[in-house]
Amino acid sequence: MNKLVEKDLKYVWHPCSQMKDYEDLPPIIIKRGKGVKLYDINNKEYLDIVSSWWCNLLGHSNSKINKEIKRQLDKLEHVIFANFSHEPAIKLCEELIKILPKGLCKFNFSDNGSASVECALKMAFQYHYQTGSPQKTKFMCLSDGYHGETIGALSVGMLDLYAKIYKPMLMDTIQINAPDCYRCPFGKCRDNCDVECFKFAEEQFEMHGAKTAGIIVEPILQGSAGMRIYPPLYLTKLRKLCDEYNVILIADEIATGFGRTGKMFAFDHANVSPDIMCISKGLTGGYMPMAITVTTQKIYDAFYDDYLKGKAFMHSHTYSGNPLGCSAALAVQNILREDNIVEKSNKTAIYLNEKLKERFLSHKNVGEIRSINLIHALELVKDKNTKEGFNPNLRIGYQIYKKALSKGLILRPLGNVLYFNPPLIINKKEIDKAIDICESAMEEILN
Ligand SMILES: *Cc1c(COP(=O)(O)O)cnc(C)c1O
């Protein structure tokens, strides 16, 4: 075993991993990256079609982002953000207001997605506390939702894989059955339904709306649930229902923001605005840990008063508004605008969609190919007719992942769902190569 690998295993406890699996699949030590490609210490090339955990938006080692961070580095690396500010943060807010859904205009900075979710939950709770509805203390969320790993975020996350063990530690939340378009309980299909499943939300609001402070959703795309995609109409209806019951609508756009779904934000598909939005991941192009909880003037105003009234939002993170993060985010905004990245990605997505369907639509184990912009998921099933999935204990997705890795493709699965969520700048040649490797890895495992 390589010396570095040995030392890694001696010291590092890797995230979201059973470390014993590393006996069989040791960590791959990456030395450098360029665009969609990563290179390990032996110079082996890997196609990073999972955008290094969905955050790398514009490729690794993007020269424009590199330049902006280096420029900022020589001026100011960090400063306390209470009572102090700096130009990169101010400019960033100015840029983001131009692209955010209407009404979102107040920015609370933190340093990771989970933290921005915690911030949103506290903000919603305190808003009601200070506007005459202190009985509104509960939160609603969608089944199979994912919002991060901290205690509050896990409480509104419904995936057993991450939350189950900790249930006794978590707050009591109200779960709504999420849309499940592949296995629609109403026998409808995604592009031709009236979101009949919205009745599950209506039922819960009727029962619990009065005591509910907020509802958090992953708009359009439930990422960790297996890249599940649902119609925008669901959000339009949810907006109305939230207004009716005075419930704060929180959009977790951590995974969907900045063009991932083909529009700047997933909420743009529904033409309505949330009351609070969490953004991270693509915000800095995957360079720096940074997140923002953005909200409306109305919510902000509920906290604005004389100090002794005790209404301030006493929430902080040491690295709030980190200047290097802001400079990276500013560079990302410039590139998105100047290079028409999102529009171009719409075109590349059509190519990816055609190629994937060509190869896999008739595959005996591909139950569904679902997609939104470049994000594509192949749901692997044992039987296409019954839609019966593989026994999770077989770890089919993981077996294919290992095989694909050996061939130079990072195809990290979500259970039995294989997915592509590449940087928006991926080109056709890279797509062809990724699909070839994906196909041969699947063949070797499934046959
Ligand atoms: C990644 C993710 C989070 C958590 O962000 P971290 O930075 O990993 O804490 C929350 N919500 C969604 C939808 C995510 O994809």
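The values are calculated or read from the model by the stated rules, or taken from the named source; none is laboratory data. Since the model is a prediction, treat every value here as computed from it, not as a measurement. Because the Cβ atoms are built from the backbone with ideal geometry, glycine has one as well, and the counts that use them run over all protein chains shown.
Going by what's in this entry, would Phe205 be described as touching a helix residue (DSSP H, G or I) at 6+ places or on another chain (Cβ under 6 Å), within 16 Å of Cys141 (Cβ to Cβ), buried (at least 19 other Cβ atoms within 10 Å of the Cβ) and among the aromatic types (Phe, Trp, Tyr)? Quick ask: steps written out before the conclusion?
On the way: touching a helix residue (DSSP H, G or I) at 6+ places or on another chain (Cβ under 6 Å): yes; within 16 Å of Cys141 (Cβ to Cβ): yes; buried (at least 19 other Cβ atoms within 10 Å of the Cβ): yes; among the aromatic types (Phe, Trp, Tyr): yes.
Considered against the rule, which asks whether it is touching a helix residue (DSSP H, G or I) at 6+ places or on another chain (Cβ under 6 Å), within 16 Å of Cys141 (Cβ to Cβ), buried (at least 19 other Cβ atoms within 10 Å of the Cβ) and among the aromatic types (Phe, Trp, Tyr), Phe205 comes out as yes.
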Confirm whether Leu235 is of a type outside the set (Gly, Ala, Ser), at pLDDT 95 or above, assigned to a helix (DSSP H, G or I) and within 16 Å of the ligand (Cβ to nearest atom). yes
Name the residue that is farthest from the ligand (Cβ to nearest atom), counting only residues in the range 275-301 that are in contact with a Phe, Trp or Tyr (Cβ under 6 Å, 6 or more places away or on another chain) and either hydrophobic (A, V, I, L, M, F, W, C) or assigned to a loop (DSSP other than H, G, I, E, B) (or both). Ile299
Which of the residues spanning the range 5-28 are closer than 16 Å to Ile410 by Cβ and under 25 Å from the mean Cα position of the chain (by Cα)? His14, Pro15, Cys16, Ser17, Pro27, Ile28
Would you tally the residues in the range 157-179 being out of contact with any helix residue (DSSP H, G or I) (no Cβ under 7 Å at 6 or more places or on another chain), assigned to a loop (DSSP other than H, G, I, E, B) and either farther than 22 Å from Glu206 by Cβ or of a type in the set (Val, Ile, Thr) (or both)? 1
Residue count, the range 125-156, condition closer than 19 Å to Arg228 by Cβ, more than 13 Å from the ligand (Cβ to nearest atom) and of a type in the set (A, V, I, L, M, F, W, C), comes to 1
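What's the total number of residues in the range 242-258 that are away from the ligand (no atom under 16 Å from the Cβ) and not hydroxyl-bearing (Ser, Thr, Tyr)? Spell out how you get there, then give the answer.
At the first step, the residues of the range 242-258 found to be away from the ligand (no atom under 16 Å from the Cβ) are 242-248.
Those left that are additionally not hydroxyl-bearing (Ser, Thr, Tyr): 242-244, 246-248.
Looking only at that region, the number is 6.
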Among the candidates Ile400, Ile350, Ile335, which residue alone is closer than 27 Å to Asp40 by Cα, among the aliphatic types (A, V, I, L, M), out of contact with any strand residue (DSSP E or B) (no Cβ under 6 Å at 6 or more places or on another chain) and assigned to a helix (DSSP H, G or I)? Ile400
